[in-house]
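We did not get these values from a lab; they are worked out from the coordinates using the rules stated. Predicted, not measured: the structure shown is a model, and the values here were computed from it. We place every Cβ from the backbone using ideal geometry, glycine too, and count neighbours over all the protein chains shown.
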Amino acid sequence: GAVVSQHPSRVICKSGTSVKIECRSLDFQATTMFWYRQFPKKSLMLMATSNEGSKATYEQGVEKDKFLINHASLTLSTLTVTSAHPEDSSFYICSAKGLAGGPGTQYFGPGTRLTVL
Amino acid sequence: GQNIDQPTEMTATEGAIVQINCTYQTSGFNGLFWYQQHAGEAPTFLSYNVLDGLEEKGRFSSFLSRSKGYSYLLLKELQMKDSASYLCAVLTGANNLFFGTGTRLTVIP
């Protein structure tokens, strides 16, 4: 149980375009979803936290107008990278938390590798 | 500020034991997690410590000392498939996980 999927797994886009990444909890209801980014050989950096039906909370330094997060249902959150630039190229990972599980229990998706040309 | 320190890289021999250390200074503490991450994949949960002491789970054990801001992950009977990055993460609030930079472990024959 507790499976989280992401789509697409890889995406290559041109500079200036927008890219949408989906994160789905397949077998549980995710009351909270988290979006991380990871640069090569670096650790995960939390970008934002979203609760179903409410606005996302962004970490300091993350542009909310550039990284649009929507958590419209208990099983789906989307991250849209708007007007992408090469420096946005990174590994984006989502995680989801349901009502069950202990403190901090998050189930991670397989990640999406974004390359902006 | 918040800080988590781990060694960047470690190498160990198949069948041996390796200890990966983690020291932390965070604004809050609700527990410490260890994750395994293979290249290009998502992290997978290994252990969670919230009280001082040793938690053992098969070949993996994790230790926590809150007064020292210190934890370690112990891997026994190393296998080649254990080659991966190991991430130490502190739960600083109800849901916020703050990750260290990870330790890249290479297991050699």
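Legend note: in chain A, cysteines whose Cβ sits 4.7 Å or more from every other cysteine Cβ are A:Cys13. Here the calculated FRET efficiency for B:Lys68 and A:Arg10, from their Cβ-Cβ distance with R0 = 41 Å, stands at 0.45, rounded to the nearest 0.05.
Each Lys or Arg adds one and each Asp or Glu subtracts one; over the other residues with Cβ under 13 Å from the Cβ of A:Thr115, this totals +1. Comparing Cα centroids, segment B:1-46 and segment A:38-101 end up 22 angstrom apart.
Using only side-chain charges placed at the Cβ, +1 for Lys and Arg and -1 for Asp and Glu, the dipole size of chain A relative to its Cα centre rounds to 240 debye. With the charge dipole of segment A:2-42 set up from +1 on Lys and Arg Cβ and -1 on Asp and Glu Cβ about the Cα centre, the Cα lying farthest toward the positive end among the listed residues A:Tyr36, A:Gln6, A:Thr17 is that of A:Thr17. Basic side chains Lys and Arg get +1 at the Cβ, acidic Asp and Glu get -1 at the Cβ, and with that the dipole of chain B about its Cα centre reaches some 120 debye. Across segment B:29-36, rounded Karplus estimates of 3J(HN,Hα) from the backbone phi angles (6.51 cos²θ - 1.76 cosθ + 1.60, θ = phi - 60°) give 8, 10, x, 10, 10, 10, 10, 10 Hz, Gly and Pro being marked x.
Setting aside same-chain residues fewer than 8 positions from A:Lys66, which aspartates and glutamates have a Cα under 13 Å from its Cα? Excluding near neighbours in sequence, the set is A:Glu87, A:Asp88. Simple rule: put +1 on each Lys or Arg Cβ and -1 on each Asp or Glu Cβ in the protein assembly as shown, find the dipole, and look at B:Tyr70, B:Gln36, A:Met47; the Cα lying farthest toward the positive end is A:Met47. What's the extension gain from B:Asn21 to B:Glu56 if we count 0.36 nm per residue and subtract their Cα-Cα distance? Gain on stretching B:Asn21 to B:Glu56: 11.0 nm. Overall, the ratio between the Cα radius of gyration of chain A and 2.2 N^0.38 Å, rounded to two decimals, is 1.00. Of the cross-linked pairs A:Lys41/B:Lys76; A:Lys64/A:Lys97; A:Lys20/B:Lys81; A:Lys20/B:Lys76, those separated by over 30 Å at the C-alpha level are A:Lys20/B:Lys81; A:Lys20/B:Lys76. For segment A:26-72, the dipole from Cβ point charges (+1 on Lys and Arg, -1 on Asp and Glu) about the Cα centre works out to 260 debye, to the nearest 20.
Computed from the C-beta positions of A:Lys20 and A:Lys42 and an R0 of 30 Å, the FRET efficiency is 0.80 to the nearest 0.05.
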